[in-house]
Amino acid sequence: MPTTPFQTPAWRAAAAATGLFVDATVVTDGAGRELVLPALRRRGPMRATASLPLGWGFGGIVAPGGGPTGADVRAVVDELGRRGVRLARLRPPPEQDAAFAGSGVSWSLVRENHSYEIDLRRGREAVSAAFASSVRRAVRKAEKSGVIVERRSDMEAVEEFHRLYRLSVLRWAGETRLPDRVVQVRAMRAEPLGKYRAVLSHMGDDCGVWLAHHAGAVVAALVVLSHGGEHAYWRGAMDVERAGPVRANDLLQVSAIEHARGSGGDRYAMGLTAPGSGLARFKSGFGAELKVSHEYAIEPAWRSLLRESAGQVLVPLRGWASGPAGS
């Protein structure tokens, strides 16, 4: 049974509905148990099978009776081979990383990932006590400033989020050395409104759009996906000139975290983030803890050599390729 929103059939259906991906999920038998590798493949030739693609959350293996074992990982990789898959990117959630690392599979590439999450099982008092004093002050300021927060699951809310996302892209463009137009085009290609409409259509109430209102306008928003006990902060955006001074984002996050805990959630995942970054500090302020995991790749030897050669050429250009990032 799927354990995270990203491992559900509804999530893969949403990705396929964008027209960018096909469902490439692998189902095989491991020691008499059904093993499922939720996976997507971007349309077009020579595209990798990914579990899951960047921006679409962690994939990993769904196994009955808990997480997968190293033997389960080998069984799934063997099945990929039988199906002729020669190019794959596997990004298991942190709790599955040990099984992938100890599987004995000869991975062609292993790359470290960093994500942040909050353990909601500690209870209300412990979760709240983990909020930094700066977060507490920010929440009080937001409340005194008249910020009102609501959770919705409708197309109008999705459109409000995307309007704020477009404003955020303009801000991000100014923080890079790339031309504004290049950043905007790339961001809209990666995060079109249709993507969010597809997610809401297939996830329903499990796609919660949190909106912060101030002075008669929506000034900040975030999207939280839910399934079972897992709640995942997927995307956020704001009108920084209007949301920043009243600390609307802090109130949004605290509201979403408390809602997840109050609904019996086990975890509030906050996605991939570079340690030491401003975003990492923001997430840590809510008590989120750093989790280290890895991306595991299967690819032909020639592709690994090509990647290594290209990396040497592109090292001096790092920083030019920065932009809106997904989790």
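The values are calculated or read from the model by the stated rules, or taken from the named source; none is laboratory data. Bear in mind the structure is a predicted one, so any value in this text is a computation, not a measurement. Note that each Cβ is placed from the backbone with ideal geometry, even for glycine, and that neighbours are counted across all protein chains shown. Surface areas here come from the heavy atoms of the whole protein model, side chains and all, with no ligands, DNA or RNA. Shrake-Rupley method; radii C 1.70, N 1.55, O 1.52, S 1.80 Å.
What per residue convex hull volume, in Å³, comes out for the chain when only alpha-carbon positions are used?
Expressed per residue, the convex hull around the Cα atoms of the chain is 137 Å³.
Counting residues in region 263-303 as N, plug N into 2.2 N^0.38 Å and put the Cα Rg over that result.
Normalised Rg, Cα atoms only: 1.69.
Quick one: Kirkwood hydrodynamic radius for region 192-274, alpha-carbon pairs, angstrom, one decimal?
Roughly 13.5 Å, rounded to one decimal.
Roughly how many percent of the accessible protein surface of the chain is carbon and sulfur, given a 1.4 Å probe and a whole-percent answer? Write down the numbers at each step before the final one.
Working: 8180 of 15200 Å².
That share works out to 54 percent.
Report the antiparallel proportion of the DSSP beta bridges in the chain as a percent, rounded to a multiple of 5.
The answer is about 90 percent antiparallel.
Along the charge dipole of region 1-123, pointing to its positive end and built from +1/-1 on Cβ of Lys, Arg, Asp and Glu, which listed residue (ALA71, ILE61, PRO9) has its Cα farthest out?
The residue sitting farthest along the positive end of the dipole is PRO9.
Taking Cα pairs under 8 Å and at least six residues apart, what relative contact order does region 1-150 come out at, in percent? Can you show the working numbers first?
On the way: 185 pairs, mean separation 25.8, N = 150.
Relative contact order for region 1-150 comes out at 17 percent.
Modelling each spin label as a point 7 Å along the Cα-to-Cβ direction, I'd like the ASP154/ARG74 distance in nm, to one decimal.
5.4 nm
Say each of ARG140 and ALA31 gets a label point 7 Å from the Cα, pointing the same way as Cα to Cβ; how far apart are those two points in nm?
Output for this residue pair reads 5.3 nm.
Stretched out fully, how many nm does the piece from LEU193 to SER128 gain, at 0.36 nm a residue minus the Cα gap? Could you put the intermediate results ahead of the total?
On the way: separation 65, 0.36 × 65 = 23.40 nm, distance 3.40 nm.
Fully extending the segment from LEU193 to SER128 adds 20.0 nm.
Just how large is the dipole of region 201-269 about the Cα centre, in debye to the nearest 20, putting +1 at every Lys and Arg Cβ and -1 at every Asp and Glu Cβ?
Dipole magnitude for region 201-269 comes out near 120 debye.
Pairs of alpha-carbon atoms within less than 8 angstrom and 6+ residues apart define the contacts here; what relative contact order does the chain have, in percent?
25 percent
Quick check for me: using +1 on Lys/Arg Cβ and -1 on Asp/Glu Cβ, what's the dipole size of the chain about its Cα centre, in debye to the nearest 20?
Once rounded to the nearest 20, the dipole reads 860 debye.
According to a simple spin-label model (label point 7 Å from Cα along Cα-to-Cβ), what is the distance in nm between ASP205 and GLU289?
Going by the 7 Å Cα→Cβ label model, 3.1 nm.
In the P(r) worked out for region 49-167, what percent of Cα pairs fall beyond 16 Å?
76 percent
Show which lysines lie in cross-link reach of LYS144 when reach means a straight Cα distance below 29 angstrom and same-chain residues fewer than eight apart are skipped.
Those lysines meeting the cut-off are LYS283.
Where does region 6-115 land on the Kirkwood hydrodynamic radius, alpha-carbon pairs, in angstrom? Kindly include the intermediate steps, with their values, before the conclusion.
Numbers: mean 1/r = 0.0710 Å⁻¹.
Hydrodynamic radius (Kirkwood, Cα only) of region 6-115 equals 14.1 Å.
Could you give the accessible area per residue of the chain, probe 1.4 Å, as a whole number in Å²?
46 Å²
Can you tell which of ILE298, ILE148, ILE61 shows the greatest fluctuation in a Gaussian network model of the chain with Cα springs below 10 Å?
Comparing ILE298, ILE148, ILE61 in the GNM, the peak value goes to ILE148.
Quick check for me: using +1 on Lys/Arg Cβ and -1 on Asp/Glu Cβ, what's the dipole size of region 44-176 about its Cα centre, in debye to the nearest 20?
Working: 21 positive and 16 negative charges, 65 e Å.
Dipole of region 44-176, to the nearest 20 debye: 320 debye.
Using the Cα centre of the chain as origin and beta-carbon charges of +1 (Lys, Arg) and -1 (Asp, Glu), tell me which of LEU80, THR25, VAL158 is placed farthest towards the positive end of the dipole.
VAL158
Put +1 on the Cβ of every Lys and Arg and -1 on every Asp and Glu Cβ in region 111-223; which of GLY194, ALA217, SER133 then has its Cα farthest towards the positive end of the dipole?
SER133
Report the extension gain between LEU54 and ALA217 in nm, rounded to one decimal, defined as 0.36 nm multiplied by the number of residues separating them, less their alpha carbon distance.
Using 0.36 nm per residue and subtracting the Cα-Cα distance, I get 55.5 nm.
For the chain, what is the mean residue ellipticity at 222 nm derived from helices alone (per DSSP H run of n ≥ 4: -39500 (n - 2.57); sum divided by total residues; nearest 500 deg cm²/dmol)?
Values: 12 runs with 127 residues, N = 327.
Result for the chain, helices only: -11500 deg cm²/dmol.
³J(HN,Hα) across region 216-230 via Karplus (A = 6.51, B = -1.76, C = 1.60, θ = phi - 60°), whole Hz, x for Gly/Pro?
x, 9, 7, 10, 7, 7, 8, 10, 10, 9, 9, 6, x, x, 9
Please work out the Cα center distance from region 117-148 to region 53-115, rounded to the nearest Å.
Cα centroid to Cα centroid, the span is 35 Å.
Work through the residues other than GLU34 whose Cβ is under 13 Å from its Cβ and net out their charges, Lys, Arg +1 and Asp, Glu -1.
Computed value for this residue: -2.
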